[in-house]
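The values are calculated or read from the model by the stated rules, or taken from the named source; none is laboratory data. Quick caveat: nothing in here was measured; it's all calculated off a predicted structure. A quick note on method: Cβ atoms are made from the backbone with ideal geometry, for glycine too, and the neighbour counts reach across all protein chains shown. Surface areas here come from the heavy atoms of the whole protein model, side chains and all, with no ligands, DNA or RNA. Shrake-Rupley method; radii C 1.70, N 1.55, O 1.52, S 1.80 Å.
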Amino acid sequence: RDDHTMGSSCRVMSSVSAKLNFVRRGADGAPPRINKTGRDDHTIETLTVDTVPTAIEDFRSWSSAPSVERNGFTLVHHDTSVDFEDLSQVEGTYYGEVEALCCKVLGCERAIVFDHTIRKVAASQGPSGVGVAARGSSVTAPVNRVHGDYTAQGGPKRVQAMSQPTASGSWVEPPLSEAQAEEIVKGRRYAIVNVWRSISRTAPVARMPLAMLDCSTTTPEDYFKVELIFEDRVGENYSVEPKSSHRWGFYSQMQFNEALLFQTFGSDSGNFTMHTAFDDPRTRAEDPRRESIEVRVLCIYPAEPTSKL
C-alpha cells in the first residue's frame, strides 16, 4: 500500500520541549536578509535569530491523522527498492514513483519533480545556512531554522523558472515550455509539495528530525518574507515568529517505508508549511546520523470545467 495515510506501528513518543531557531521580523519593516553569495561580507546579512524553547508534539498521537488540505502535511506508507546512493536510480526511478504518489494521495492531474536534496546529518549546525551539494552528492547540514520554502509571490516565479535553463543542475531540459508555465500560473490550481523520507534501511530517524507547524493554527498575517541574497538573484522564503497559538509537531522514528508530504505553496490556499530540523534532547550519542531525501514536486490539478450557458 502506498497511498494511505499512516496510522503507524511505530512507538508514539510524548511531546518534547526543544529549541527552535526563529528569524526575527525586521523592526523597520524591511525583510531580513541571508547571505548566500559565498562571500564573507557581513554587510549583506541582516538576519537575527531567536532560539526559543518550543513544545513539539508527536503527530502519531493525534486521534485524526493530519491532512494536506487542513494541516499542510500528511504521512503515508510508501515502498521503494531504489538505491539512493545511485543518482541514476533516484532520477530515473524514484522521481517517477514520487510523481505517481503525489497524484494518488493529492489528486493532482500531473506531478513534476524538479529538484531533490539528500542529507546525511551527524550534528546540528548554524541556523542561517542552507547546504548546497554538487549534483549526485549529499549535504551534511540540516536546515536548522524555521522557514517556508516559497512565498505567495515566489511560488509562481518558481513555476515560470521551470520553463528556463538552470545553472543549478536541477534539470537538463526545462520540464515546462513557456506556454505551459504561463497556463499553469494564470489558469490552473497548482501546488509545490516536498516529499521527505528517511533513506536508511537500518535505522529510523532519531537525530535532527523534521518539525512542522500545523497550518490550521496560522493566519496570513503570521508570515513575513526573508530574502536570500545570491550573487545573481534574490530569492525569498517565509518565516514566522513564535506564537502561543501555533501548534508544532513531528513524526517520531520515521521509517524507510514512510513518506512525508508537506505543501510549501498552494495557489488556492494559505498552506505554506513552516518547517525546521531540530535537535531532539532525547537523541543519544550512539544514535546514527540522519539520512534523508527531500524531493520537490510541482502538482498540477485538473482544469475547472467550463460552464455552458
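Points worth noting:
- Asp83 falls short on exactly one of the conditions (1) within 14 Å of Phe262 (Cα to Cα); (2) free of Cβ contacts under 8 Å to residues at least 12 places away in the same chain, and that condition is (1).
- The residue pairs whose first member lies in the range 95-121 and is free of Cβ contacts under 8 Å to residues at least 24 places away in the same chain, whose second member is β-branched (Val, Ile, Thr) and open to solvent by less than 40 Å² (accessible area, probe 1.4 Å), and whose beta carbons are closer than 9 Å, counting only pairs six or more residues apart or on different chains, are Gly96/Val113; Glu97/Thr80; Glu97/Val82.
- Yes/no for Asp79 being under 25 Å from Glu291 (Cβ atoms), charged (D, E, K, R), touching a helix residue (DSSP H, G or I) at 6+ places or on another chain (Cβ under 8 Å) and at pLDDT 95 or above: no
- Count of residues meeting criterion [open to solvent by 30 Å² or more (accessible area, probe 1.4 Å) and in a strand (DSSP E or B)] in the range 217-228: 2
- From the list Ala111, Ala141, the lone residue that is at pLDDT below 95 and either open to solvent by less than 40 Å² (accessible area, probe 1.4 Å) or part of a strand (DSSP E or B) (or both) is Ala141.
- Filter result (under 25 Å from Pro204 (Cβ atoms) and in contact with a Lys or Arg (Cβ under 8 Å, 6 or more places away or on another chain)) within the range 105-114: Val113
- Test: residue in the range 276-293 that is within 18 Å of Ala111 (Cα to Cα), open to solvent by 10 Å² or more (accessible area, probe 1.4 Å) and either at pLDDT 95 or above or more than 14 Å from the chain's Cα centre (by Cα) (or both): no
- For the range 238-252, a residue qualifies if it is open to solvent by less than 50 Å² (accessible area, probe 1.4 Å) and in a loop (DSSP other than H, G, I, E, B), and the qualifying residues are Val240, His246, Tyr251, Ser252.
- Taking the criterion of being aliphatic (A, V, I, L, M) and buried (at least 16 other Cβ atoms within 10 Å of the Cβ), the residues of the range 169-184 that qualify are Leu176, Ala181, Ile184.
- Of the listed requirements (1) closer than 26 Å to Arg282 by Cα; (2) in contact with a strand residue (DSSP E or B) (Cβ under 9 Å, 6 or more places away or on another chain); (3) modelled with pLDDT of 95 or more, Ala203 misses just one: (3).
- Matching entry among Thr140, Thr151 (being out of contact with any helix residue (DSSP H, G or I) (no Cβ under 8 Å at 6 or more places or on another chain) and without any contact (Cβ under 8 Å) to a residue 24 or more places away in the chain): Thr140
- Every residue from the range 172-195 that is within 18 Å of Ala152 (Cα to Cα) and β-branched (Val, Ile, Thr): Ile184, Val185, Ile192, Val193
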